[in-house]
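Computed from the coordinates by the stated procedures, all read-outs in this text should not be read as laboratory data. Everything numeric here is computed off the predicted structure, so don't read it as measured data. Positions of Cβ are generated from backbone atoms using ideal geometry, with glycine treated the same way; all protein chains shown enter the neighbour counts.
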Amino acid sequence: MTTAVEEPLHLVDTFVKNSMLNSVLAHASCRVDLAGSTLDIWPLYLYVEKAVTVNFAVDIATQCEIRPNTTGEIVLTSVDTGKCDRFAGLSELHAATRFDHALAVFLVRQFMPDADAQTTGFTMVTNSMSPAGAGISGSSALMVASASALARFTGQKIDREQIRVIAQNVEAQLIRVPTGCQDYYPALYGGVSAIHLLPEGIRREALAVAPEEIEQRFVVAYTGAPRQSGINNWEVFKSFINGDKHVQRNFREIAGIANGMRNALNSADWPGVTKLLRDEWKLRKTNAPGITTPLIDRLIEVTRKKGAVAAKVCGAGGGGCVVFQIEPGSRKAVNAAIEEQGARVLPFNVARHGVQVEVQKAKALAAQAD
């Protein structure tokens, strides 16, 4: 069966029973941000009036599969990075100080906190279709897929917002700097979103823009140069908290741009989107050194001559992906210009759904064994 993570589900009463009976597969999508990134890091958004970020989910997928095994081992494998860890059981996993697949280890510890629990073994396999360091939230989407799979596998009652909190907090433990919240919502919900960052809490709004319009009007390209979002975001974060007036003013203006972007998308005001995307990028690249690169600048310049009307880096910058707004009908020329510069176009559709979880019952597993 396949379900979105909407309401808490309890498939079984205990982890032992669940792990003996079910295999779980979860999928979650990456995102492209259009305005308001970095504002989503607590507590920056508390210092900026009407803070919001705007993004859309793309069907560049991440997945996590968890299968019970008969060996008693816990095996954690990452297909895209080639990393693998093996543990004799939970006690060995909890005691380990050296491991390769840290994302999986941290999440297993979170969802299976009792190191002495008597459990069956299992194999957890993760994979991401996002290039490394692409700036389209591949790691955050994988956190959502993996946390959703582990919640279902362990039979825990959990909803989407709880998944977001766990995924965000565990990712902060992994990268050792504050993380923003925006990346988890496209993975959880799909579609085009405005993430409102309010003192009373975070609220996700689904925007009315047709996904087909986004697909027609945007191109995403990977520069081939990975970046580390935590580093750029941390430098900007420190500048803001330390009282850098330029950065503080920039983020007040970026918040205004993001609110304008929300309104422009809701009303299909594409010239308005163009102006706002240009303004966002102009401000953002002055926040800290290294947010743009010579290749990013060159890509923006050459595509402008082929039908791109605006562009900005995805995520924190310094490499990764660039999103281009294009005139309808110019995709072929823009794509060719991008690839001539050595970058790679990432084809996408807007992901219509959030995280999906499939549960395969023991009967099906037995049938496969036959």
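Which residue, Q341, V236, C321, has the largest displacement toward the positive end of the dipole of the chain when charges sit on each Cβ (Lys, Arg +1; Asp, Glu -1)? Result: Q341, furthest along the dipole toward the positive end.
Over the chain, the alpha carbon radius of gyration divided by the compact-protein estimate 2.2 N^0.38 Å works out to 1.01.
Taken about its Cα centre, the chain carries a charge dipole of about 840 debye when Lys and Arg each add +1 at the Cβ and Asp and Glu each add -1 at the Cβ.
Placing unit charges on the Cβ atoms of the charged side chains and taking the dipole of the stretch 244-317 about its Cα centre, the candidate lying farthest along the positive direction among T303, A258, W270 is T303.
Taking GluC sites (Glu not before Pro) across the stretch 103-201, the ones in a DSSP loop with at most 15 further Cβ atoms lying within 10 angstrom of their Cβ are E200. Taking a ≥ b ≥ c as the square roots of the Cα gyration tensor eigenvalues, with a/c under 1.5 meaning rounded and otherwise prolate when a/b beats b/c, else oblate, which class fits the stretch 167-216? The shape class here is oblate.
Using the rule -39500 (n - 2.57) for each DSSP H run of four or more residues, divided by the residues of the chain, the 222 nm mean residue ellipticity is -12000 deg cm²/dmol. When each of I158, I241, I195, I338 is scored by the number of other beta-carbon atoms lying within 10 Å, the sequence from fewest to most is I241, I158, I338, I195.
Taking every pair of alpha-carbon atoms in the stretch 86-165, give the share separated by more than 21 Å as a whole percent.
Of the Cα pairs, 32 percent sit more than 21 Å apart.
Determine the alpha carbon to alpha carbon distance for each of K83/K312; K157/K361; K245/K282; K312/K332 and list only those over 21 Å. With Cα atoms farther than 21 Å apart: K83/K312. Think of it this way: in the chain, C30, C64, C84, C181 stand alone, with no other Cys Cβ under 4.7 Å.
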